[in-house]
Amino acid sequence: MYDMADLSREIAYALRHAPWEYELEMDEDGWVPIQQLLDALHRDKRWITVSEKDLHNMIEQSEKKRYEIKSKMIRAFYGHSIPMKIVKEAKMPPDTLYHGTARRFLESIKEKGLIPQSRQYVHLSQDIETAESVGLRHDNKPCILKINSKKAWEEGIRFYYGNEKVWLADEIPYKYVEEWNGYPVPRHLEGILQVDSKKSNNFNIEGKLHCRCGCEKFRIRTFSEQDKNGCLHVSEYQNGYSLMIKAECCNCNDRYLIFDMAEHGYNGFVCHDGITVSDNELKGYGCNKCNGQSFEIEIGIEVEDREQFIEEVVEEEPDKYVPEDYVDAFDWICISIKCSECGQVINDWVDFETS
Ligand code: HQG
């Protein structure tokens, strides 16, 4: 049995960086006959019995899709540094791509844009996690760059498909690049909303409430109307309306404000639409099935458009707001709860459009 990571490293070197050292005849799409590659490997005693089956196993066992095998040929999907440019077919990219890199490269990237350096193409990642792991190869605190690939594509920058996680480009001028500072979590939920990256992007975030002590179970106190399904709605308060939810950790009793119509979202944050209810007017919430008092809480946020926020709010009241405030002016909040005692789930327990 071979160490598949070792084998993959050797083959990466052969197919991406130095095919001539292995006497490989590579065509312009990067394909090499498998038999030629095997013959070359067999000349090295470490790989003397490597078979085509081992290559298939290597591809299957790897988390990253680096190689492709088709009718007795093999090629690397990306990563090439050889002088002969591997021809890639241009393809429309997703609207946003990411690139993980080292802090020490940032200044030069800002000046020159993203350039391929020793490889043939700039490598971009389809998601933040992939960008993060690419960046970690260069820096233990990598920075993540967000590429406006939609705009770049529309303005003539060519993108090429690598695999489902890797996209390639000849180069990316810096005007399509911005630093990604994490998910736009409203500030009052920062550190307690654990974002599910598979379901979240720049415009929508979904996650589960975690107390800073690690506990996921909370007692709930609200000011609201409650319907027969146990869902919450705004309630009349003084001369206006209110909807307020607080969660209290079942383990350490820390208390968090989850939503206050008077403070959060477009209405609250920008229009100050409502009056904050005092703590002693909140009521404990019980499961409408078993009257359980402990819940797991999932929150979805539809994020306000940053550009629109700048145009409509920051530019109107520059003394009061800065662009980064857009995270607090979210458009929609949706909360689901699960009773820790009977397991009943109420989806859309709160479903509130704030603008
Ligand atoms: C940086 C791995 C200064 C760029 C990964 C990057 C990937 C600049 C470094 C794939 C710059 C090149 C490729 C500029 C770009 N000034 N630095 N103007 N423009 N850079 O290793 O993207 O595991 O050649 O930010 O997962 O890190 O091998 O490229 O940091 O998909 O399959 O120059 O290789 O895949 O570094 O990684 P690299 P990369 P495998």
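The values are calculated or read from the model by the stated rules, or taken from the named source; none is laboratory data. Bear in mind the structure is a predicted one, so any value in this text is a computation, not a measurement. Heads up, the Cβs are rebuilt from the backbone with ideal geometry, glycines too, and the neighbour counts pull from every protein chain shown.
Would you confirm whether or not the range 121-134 contains a residue that is under 21 Å from GLU21 (Cα atoms) and touching a Phe, Trp or Tyr at 6+ places or on another chain (Cβ under 8 Å)?
No, the range 121-134 has no match at all.
Does the range 151-163 include one or more residues that are within 13 Å of the ligand (Cβ to nearest atom), hydrophobic (A, V, I, L, M, F, W, C) and at pLDDT 95 or above?
No.
Regarding the range 91-101, can at least one residue be identified that is free of Cβ contacts under 8 Å to residues at least 40 places away in the same chain and within 11 Å of the ligand (Cβ to nearest atom)?
Filtering the range 91-101 for residues free of Cβ contacts under 8 Å to residues at least 40 places away in the same chain gives none.
No, that holds for no residue.
Collect the residues in the range 41-68 that are within 16 Å of the ligand (Cβ to nearest atom), of a type outside the set (S, T, N, Q) and surrounded by 13 or more Cβ atoms within 10 Å (Cβ to Cβ), keeping them in residue-number order. Give the steps one after another, and end with the answer.
First pass over the range 41-68, keeping only residues within 16 Å of the ligand (Cβ to nearest atom): 55, 58-68.
Keeping just the survivors that are of a type outside the set (S, T, N, Q) gives 55, 58-60, 63-68.
Within the range 41-68, LEU55, MET58, ILE59, LYS64, LYS65, ARG66, TYR67, GLU68 qualify.
Need pairs with beta-carbon distance below 9 Å; first residue under 14 Å from LEU15 (Cβ atoms) and without any contact (Cβ under 8 Å) to a residue 40 or more places away in the chain and within the range 56-69, second aliphatic (A, V, I, L, M) and part of a helix (DSSP H, G or I); sequence gap 6+ or separate chains.
Qualifying pairs under 9 Å: GLU68/ILE59; ILE69/ILE34; ILE69/LEU55; ILE69/ILE59.
Among residues belonging to the range 240-293 that are at positive phi and in contact (Cβ under 8 Å) with a residue 12 or more places away in the chain, point out the one that is surrounded by the most Cβ atoms within 10 Å (Cβ to Cβ). Write out each step before concluding.
We begin by selecting, within the range 240-293, every residue at positive phi; these are 253, 265, 272, 274, 291.
Next, only the ones that are in contact (Cβ under 8 Å) with a residue 12 or more places away in the chain stay: 265, 274.
Values: GLY265: 27, GLY274: 21.
Across the range 240-293, the extreme among qualifying residues is GLY265.
How many residues does the range 322-349 contain that are touching a residue at least 24 places away in the same chain (Cβ under 8 Å) and either surrounded by fewer than 21 Cβ atoms within 10 Å (Cβ to Cβ) or not aliphatic (A, V, I, L, M) (or both)?
Of the residues in the range 322-349, 17 are touching a residue at least 24 places away in the same chain (Cβ under 8 Å) and either surrounded by fewer than 21 Cβ atoms within 10 Å (Cβ to Cβ) or not aliphatic (A, V, I, L, M) (or both).
Starting from residues that are among the aliphatic types (A, V, I, L, M) and not in a helix (DSSP H, G or I), keep the ones in the range 312-355 and report whichever is modelled with the lowest pLDDT.
Checking each candidate, the answer is VAL322.
Restricting attention to the range 72-83, does a residue exist that is over 13 Å from ALA169 (Cβ atoms), among the aromatic types (Phe, Trp, Tyr) and either in a strand (DSSP E or B) or under 26 Å from the mean Cα position of the chain (by Cα) (or both)? Steps first, please.
Step one: list which residues in the range 72-83 are over 13 Å from ALA169 (Cβ atoms), which gives 72-77, 79-83.
Pick out the ones that are also among the aromatic types (Phe, Trp, Tyr) and you get 77.
Narrowing the set further to residues that are either in a strand (DSSP E or B) or under 26 Å from the mean Cα position of the chain (by Cα) (or both) leaves 77.
Yes, the range 72-83 has at least one match.
Report whether or not ALA169 is surrounded by 14 or more Cβ atoms within 10 Å (Cβ to Cβ), more than 27 Å from ILE205 (Cα to Cα) and more than 8 Å from the ligand (Cβ to nearest atom).
Details: surrounded by 14 or more Cβ atoms within 10 Å (Cβ to Cβ): yes; more than 27 Å from ILE205 (Cα to Cα): yes; more than 8 Å from the ligand (Cβ to nearest atom): yes.
Here the answer is yes, as ALA169 does meet what is asked.
Name every residue in the range 106-122 that is near the ligand (Cβ under 8 Å from one of its atoms) and either touching a helix residue (DSSP H, G or I) at 6+ places or on another chain (Cβ under 6 Å) or within 26 Å of ALA76 (Cα to Cα) (or both), in order of residue number.
Within the range 106-122, GLY113, LEU114, ILE115, PRO116, GLN117, SER118, ARG119, VAL122 qualify.
Considering only the range 70-83, how many residues are without any contact (Cβ under 8 Å) to a residue 60 or more places away in the chain and either loosely packed, with under 14 Cβ neighbours inside 10 Å or within 8 Å of the ligand (Cβ to nearest atom) (or both)?
Total satisfying the criteria: 4.
Could you list, in sequence order, all residues of the range 124-149 that are in contact with a helix residue (DSSP H, G or I) (Cβ under 9 Å, 6 or more places away or on another chain), outside any strand (DSSP E or B) and more than 12 Å from the ligand (Cβ to nearest atom)?
LYS141, SER149
So how many residues does the range 81-121 have that are among the aromatic types (Phe, Trp, Tyr) and under 15 Å from ILE144 (Cα atoms)? Outline the logic, then answer.
First, the residues of the range 81-121 that are among the aromatic types (Phe, Trp, Tyr): 98, 105, 121.
After this cut, where a residue has to be under 15 Å from ILE144 (Cα atoms) as well, the list is 98, 105.
The qualifying residues number 2.
Pull out all pairs, ordered by first then second residue, where Cβ-Cβ is under 8 Å, the residues are six or more apart or on different chains, the first lies in the range 216-227 and is assigned by TED's automatic domain parsing to the domain that holds LEU193 and of a type in the set (Lys, Arg), and the second is surrounded by fewer than 21 Cβ atoms within 10 Å (Cβ to Cβ) and part of a strand (DSSP E or B).
Note: pairs meeting the criteria are LYS217/GLU296; ARG219/GLU248; ARG219/GLY284; ARG221/LYS246; ARG221/GLU248; ARG221/LYS283; ARG221/GLY284.
Of all residues in the range 84-112, which are touching a Phe, Trp or Tyr at 6+ places or on another chain (Cβ under 8 Å), surrounded by fewer than 17 Cβ atoms within 10 Å (Cβ to Cβ) and closer than 22 Å to ARG137 by Cβ?
Matches in the range 84-112: LYS110, LYS112.
For the range 102-118, which residues satisfy the criterion of being in contact (Cβ under 8 Å) with a residue 60 or more places away in the chain and part of a loop (DSSP other than H, G, I, E, B)?
Matches in the range 102-118: GLY113 only.
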